[in-house]
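First the structure, in the form of structure tokens, and then the observations on it.
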Amino acid sequence: MIKLENVSMRFNLGIERNYSIKEAFISIFDKKRRLKKTDFWALSDVSFEVKKGEVIGLIGSNGAGKSTLLKVVSGVMKPTKGKVTVNGQISPMIELGAGFDIELTARENIYLNGAILGYSKEFIDEKFEDIVEFSELRDFLDAPVKNFSSGMIAKLAFSIATVVDPEILIVDEILSVGDIKFQEKSKNKMMEMIKGGTTVLYVSHSLESIEELCDRVVWLEHGKVVKAGNTKEICKEYYKKQLNK
């Protein structure tokens, strides 16, 4: 379903810095500063495969490259080097609520965000009640999203994103959204998808959820694969390393 071959992703920190007005002004008078560029490789020669129906966990410290990898697989970013092959319809749950307009109501954002995810109006009409019911936000449908808490936004976004049964699910820390009740509800929804044969690429700092959900694990550090394989063995080794830092 998913195959990564020597995938590398480079960012130029110097270019990113010079986008500020202050930095651009200073660079006019400071040639050395203007020419200084710092390449940062968020991913470096990452290779692994995900078979149909597998649930693969991605673990690693903050900045290890996990979220960047999900964006590359989802097609949000194009890798600097290497090749990504994806066979199947992807539903990415990377930045919940990123496609919302905070000035619009929850009702309007259901249609807006659904359209961004590729759903037709007819499909959203059909699934509207399911989305509202799952989100637990019926009393706030006609309130502007700018008045929502971050947990409410996450609930709405998760409910929209999971209304379909995708072939491939790309997940970044979504099981921690909302309150405890909704977290359990989200987890059960994920389990339903997994049992239904959905292929999952899952990022989480919760080793407990990784061990519970994942068939295999890929451990990333500094953009490189440290180890890949048995979930419990690798999680145990990763946990020990984190304690000894």
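Listed peptides 130-138, 144-152 appear in the order 130-138, 144-152 once ranked by packing, highest mean of other Cβ atoms within 10 Å at the front.
Could you sort 157-165, 43-51 so that the peptide with the highest average Cβ count within 10 Å comes first and the rest follow in order?
Details: 157-165: 21.9, 43-51: 17.9.
Peptide ranking by packing, descending: 157-165, 43-51.
With contributions of -39500 (n - 2.57) from each DSSP H run of at least four residues, the per-residue ellipticity at 222 nm computed over the chain stands at -12500 deg cm²/dmol. Please tell me which of these pairs span more than 20 angstrom C-alpha to C-alpha: Lys51/Lys83; Lys146/Lys187; Lys3/Lys187; Lys127/Lys189; Lys66/Lys227? Over 20 Å apart, Cα to Cα: Lys146/Lys187; Lys3/Lys187. Each DSSP beta bridge with both residues in the chain is either parallel or antiparallel, and the antiparallel ones are about 55%.
Just for region 102-245, what percent of DSSP beta bridges are antiparallel, to the closest 5? Provide the component values of the computation, followed by the final result.
Details: 7 of 12 bridges.
Given both bridge residues lie in region 102-245, the antiparallel proportion sits at roughly 60 percent.
The Cα atoms of the chain give a gyration tensor whose axes a ≥ b ≥ c have a/c of 1.5 or more with a/b no greater than b/c, which makes the shape oblate.
Springs join every pair of Cα atoms under 10 Å in this Gaussian network model of the chain, and among Lys232, Lys121, Lys66 the largest mean-square fluctuation is at Lys121. Over region 54-136, Cα pairs under 8 Å with separation of 6+ residues give a relative contact order of 15 percent.
Note on region 69-159: along the principal axes its Cα atoms extend 48, 27, 19 Å, ordered by decreasing extent.
Quick note: the coordinates plus some simple rules give every number you see, no bench work behind them. All of these numbers come straight from a predicted model, not from anything done at the bench. Reconstructed Cβ throughout: ideal geometry from the backbone, glycine too, with neighbour counts over all protein chains shown.
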